[in-house]
There are 2 protein chains.
Amino acid sequence: MLYEINEKALKLESEGKKIIRLNIGDPDMATPPEIVEAAYASMKAGKTKYSSSYGELSLRKKIAELRGVKPENVVITPGSKWSIFVTLFLMLKNGGNVIIPTPYWTAYDLIAKNIGAKTKLLRTEMEDGWKVDLNELENLIDKDTKMIILNNPNNPTSKSMDAKTLDGIVKLANEKKITILSDEVYGAIAFNETKSILDYGSDSDHILSNGFSKTFTMTGWRIGYIIANKMFVDKVTKINQITFNNVPVFIQDAALKGLELRSKIASDIKAKYKQRADLASTKLEAAGFKFTKPDAPFYVFPKLEGLVSDQFTLDLLDKGVAVAPGNSFGEYPEHFRISLTAPDDQIEVGIDKICEAVK
Amino acid sequence: MLYEINEKALKLESEGKKIIRLNIGDPDMATPPEIVEAAYASMKAGKTKYSSSYGELSLRKKIAELRGVKPENVVITPGSKWSIFVTLFLMLKNGGNVIIPTPYWTAYDLIAKNIGAKTKLLRTEMEDGWKVDLNELENLIDKDTKMIILNNPNNPTSKSMDAKTLDGIVKLANEKKITILSDEVYGAIAFNETKSILDYGSDSDHILSNGFSKTFTMTGWRIGYIIANKMFVDKVTKINQITFNNVPVFIQDAALKGLELRSKIASDIKAKYKQRADLASTKLEAAGFKFTKPDAPFYVFPKLEGLVSDQFTLDLLDKGVAVAPGNSFGEYPEHFRISLTAPDDQIEVGIDKICEAVK
């Protein structure tokens, strides 16, 4: 229902209705002007042609340098959603299943189903701090299991995985020869330190997905990347060649500018969102909602006992506030997701309306 | 071998070697400056957010108005290659076959095979003016045939389909309930008038793929569109949602500007390429090559009896000229494709080197 709510919110807005949009992870802040200017300079320099389906070497080199891998381990994609799609397409189009801890980002499940892959959901609970139980994971694995998708920090919970759990998952995956796809789009802006899948070696079979959307406020630019072993990077590139061909070079140049300014940009974003998360936490707690403290920007995933969040979400949209119902992320009917991605005053009004709605 | 040649040409260039690139349909001219400025203005206005997976309503409305359909029949894609991919993915991922006349654009076959669909090739010959034989087409159709792909005007031959043949194909497809995917990316800049699949009604099951790359010199921007019945447009949008999400809005605004200036831009391009096609034709004819006169910009697909074009192409690349071997477009070992997409002086030198190479 995530996309339906979004299209409905867009429609209401196009009809002139004011909607406080706390439903998607699209920051209210503008893309930093240096990034916009870099794109413009690149366009004017004629970087408007077809180019390599691997991505520009300059950008791949910079990412490789920052992440301690080789450029041949990096391939540029039109957003991290594409990275997920192409990975599942390559690994599961001929059958097999993928294990996904819940709550999860809706796209994983939609993509897997569209490709015809089976998904096995591994439930985690707020009351356990959203921790993956290694025994349950091991029990879920069967001979057709090809992949585990981790989202660290997690959307919608904003929870980072503790090192011990991640160590355990990697060990198990290595033993069972299962690939981990680690979606770390919120990693660079997490409030705390968290381990990356790259910490387990870049020549493994595991795959990192990352993007520029969240760290650099570049959501609508559609640019991300995959880090994996060279063989997998080559396979992704072959799919890139027969689909979108290449991310516009001027967009890659803009992303490169973002990486050059990364320390400043990321610390500004973290500070901003820390403030918002604190504000939201205080108000939601006072209204009786339960949730884990966000380890990363953007999302809170509160629960209220007895809530029917599908209906709650629709009613709230009529009151001018868009959020995402809990069932968009697995079977979490008492939860809903708030994206702290509207201007501060709107967030305040939005959260107040949410709290009033359950009085 | 089309992509291998291209990656090799890019590599040689990155090593400092001068390559005259007549191998891909990427115009040497710059994107018109008005289009670049429109993109910049849009970025600066903050059009850098997630947006609808259908595409911007403003652009869909403009396309609908120009093509005599409703906005609900239009969905924006990241290039016409994506349009082909998503159409084949939706129609053939659960089995079935697709009929493709040859010579064809390589991507059709690669996409179909990647999705696991069977392709049935329908050979056409230069000596018959590249005409599809309706009886042969009818004989190829079986109970699993779901689609016919037409490329009109054709890449690599630059031949437009005559109205009588197209009428016959549509009639046959309608009788057999087979969908036609008509790739018309060269349509708006053809030197002669040619019928569009839309002339047979926009509420049919047939699908138009078009793009901005060729008409507006926007190859690297990655933007195209599909026109189809509403049900199919909705299906495409659901795949857009789980893959690239949306074409950057500033790119859509740039394309809209292109459409506003279309008469001027398209007539400039046609005049330029008519001149190039005439020059190439004169030289190639004198050197003994056979080919049909181009009905559209960009490509000539000459034949020389006894030519082994895979080897010829590799040898030519060592001499600094990249072209595409005939076998990239079906089984045409005596043909190769020249793209007239380099600056005039380079085209002249390139064609001279080609002619010398077969002396």
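The values are calculated or read from the model by the stated rules, or taken from the named source; none is laboratory data. Being a predicted model, the structure only gives us computed values, none of them experimental. Cβ: placed from backbone, ideal geometry, glycine included. Neighbour counts: every protein chain shown.
Is at least one residue of the stretch A:164-175 outside any helix (DSSP H, G or I), surrounded by fewer than 23 Cβ atoms within 10 Å (Cβ to Cβ) and touching a Leu at 6+ places or on another chain (Cβ under 9 Å)? Looking for residues that are outside any helix (DSSP H, G or I), surrounded by fewer than 23 Cβ atoms within 10 Å (Cβ to Cβ) and touching a Leu at 6+ places or on another chain (Cβ under 9 Å), one finds none in the stretch A:164-175, hence no.
Apart from one condition, A:D268 fits all of (1) surrounded by fewer than 17 Cβ atoms within 10 Å (Cβ to Cβ); (2) charged (D, E, K, R); (3) modelled with pLDDT of 95 or more; the exception is (3).
Determine, yes or no, whether A:A117 is in contact (Cβ under 8 Å) with a residue 24 or more places away in the chain, more than 9 Å from chain B (Cβ to nearest Cβ) and crowded, with 19+ Cβ neighbours inside 10 Å. Taking the combined requirement at face value, the residue satisfies it.
Only one of the numbered conditions (1) modelled with pLDDT of 95 or more; (2) under 18 Å from B:A30 (Cα atoms) is not met by B:L304, and that is (2).
Free of Cβ contacts under 8 Å to residues at least 60 places away in the same chain, touching a Phe, Trp or Tyr at 6+ places or on another chain (Cβ under 7 Å) and outside the structural domain of A:P325 (by TED's automatic domain parsing), is that true of A:V170? Steps first, please.
Working: free of Cβ contacts under 8 Å to residues at least 60 places away in the same chain: yes; touching a Phe, Trp or Tyr at 6+ places or on another chain (Cβ under 7 Å): yes; outside the structural domain of A:P325 (by TED's automatic domain parsing): yes.
For A:V170, the condition - free of Cβ contacts under 8 Å to residues at least 60 places away in the same chain, touching a Phe, Trp or Tyr at 6+ places or on another chain (Cβ under 7 Å) and outside the structural domain of A:P325 (by TED's automatic domain parsing) - is met.
Is there any pair with a first residue in the stretch A:82-109 that is within 14 Å of another protein chain (Cβ to nearest Cβ) and of a type in the set (F, W, Y) and a second that is outside any loop (DSSP other than H, G, I, E, B) and crowded, with 22+ Cβ neighbours inside 10 Å whose Cβ atoms are under 6 Å apart and which are 6 or more apart or on different chains, and what are they? Cβ pairs passing all conditions: A:F85/A:I111; A:Y104/A:F329; A:W105/A:N151; A:Y108/A:I100; A:Y108/A:I149.
Go through A:V86, A:V98 for me and flag whichever is buried (at least 21 other Cβ atoms within 10 Å of the Cβ) and not in a helix (DSSP H, G or I).
Numbers: A:V86 fails: not in a helix (DSSP H, G or I).
The match here is A:V98.
Scanning the stretch A:217-234 turns up no residue that is within 18 Å of A:A190 (Cα to Cα), aromatic (F, W, Y) and either in contact with an Asp or Glu (Cβ under 6 Å, 6 or more places away or on another chain) or within 14 Å of chain B (Cβ to nearest Cβ) (or both).
For the stretch B:43-67, which positions are facing chain A (nearest Cβ under 10 Å) and either surrounded by 19 or more Cβ atoms within 10 Å (Cβ to Cβ) or part of a loop (DSSP other than H, G, I, E, B) (or both)? Can you show your working first?
Residues of the stretch B:43-67 that are facing chain A (nearest Cβ under 10 Å), as a first pass: B:43-54, B:57.
Of everything in the stretch B:43-67, those that are facing chain A (nearest Cβ under 10 Å) and either surrounded by 19 or more Cβ atoms within 10 Å (Cβ to Cβ) or part of a loop (DSSP other than H, G, I, E, B) (or both) turn out to be B:M43, B:A45, B:G46, B:K47, B:T48, B:K49, B:Y50, B:S51, B:S52, B:S53, B:Y54.
Test A:L284 against the stated conditions and say whether it is in contact with a Pro (Cβ under 8 Å, 6 or more places away or on another chain) and modelled with pLDDT of 95 or more. The answer is yes for A:L284. If the condition is being under 25 Å from the mean Cα position of the chain (by Cα), facing chain A (nearest Cβ under 8 Å) and assigned to a helix (DSSP H, G or I), then the stretch B:1-32 contributes B:Y3, B:E7, B:L10. If you go through the stretch B:221-234 and keep only what is assigned to a helix (DSSP H, G or I), surrounded by fewer than 24 Cβ atoms within 10 Å (Cβ to Cβ) and not acidic (D, E), you end up with B:K230, B:M231, B:F232, B:V233.
Could you grab me the full set of residues in the stretch A:282-310 that are surrounded by fewer than 16 Cβ atoms within 10 Å (Cβ to Cβ), free of Cβ contacts under 8 Å to residues at least 40 places away in the same chain and assigned to a loop (DSSP other than H, G, I, E, B)? A:K293, A:E305, A:G306, A:V308, listed by residue number.
Based on this model, can you work out whether B:I115 counts as in the same structural domain as B:G201 (by TED's automatic domain parsing) and in contact with a helix residue (DSSP H, G or I) (Cβ under 6 Å, 6 or more places away or on another chain)? It is true that B:I115 is in the same structural domain as B:G201 (by TED's automatic domain parsing) and in contact with a helix residue (DSSP H, G or I) (Cβ under 6 Å, 6 or more places away or on another chain). When the stretch B:107-123 is limited to residues that are in a helix (DSSP H, G or I) and not polar (S, T, N, Q), the one that is farthest from B:N23 (Cα to Cα) turns out to be B:I115.
A search for C-beta distances below 8 Å between a residue of the stretch B:192-209 that is farther than 18 Å from B:S83 by Cα and any residue that is of a type in the set (D, E) and crowded, with 20+ Cβ neighbours inside 10 Å, counting only pairs 6+ apart in sequence or on different chains, returns B:N192/B:D295; B:T194/B:D295. Just so you know, in the stretch A:235-281 the residues that are polar (S, T, N, Q) and part of a helix (DSSP H, G or I) include one that is farthest from the other protein chains (Cβ to nearest Cβ), and it is A:S281.
A count restricted to the stretch A:330-341 and to residues that are touching a Lys or Arg at 6+ places or on another chain (Cβ under 7 Å) and surrounded by 24 or more Cβ atoms within 10 Å (Cβ to Cβ) stands at 2. The sole residue among B:Y104, B:Y40 that is modelled with pLDDT of 95 or more and part of a loop (DSSP other than H, G, I, E, B) is B:Y104. Looking for something touching a residue at least 60 places away in the same chain (Cβ under 8 Å), surrounded by fewer than 24 Cβ atoms within 10 Å (Cβ to Cβ), of a type in the set (A, V, I, L, M, F, W, C) and assigned to a strand (DSSP E or B) - is there at least one such residue anywhere in the stretch B:124-137? No, the stretch B:124-137 contains no residue that is touching a residue at least 60 places away in the same chain (Cβ under 8 Å), surrounded by fewer than 24 Cβ atoms within 10 Å (Cβ to Cβ), of a type in the set (A, V, I, L, M, F, W, C) and assigned to a strand (DSSP E or B).
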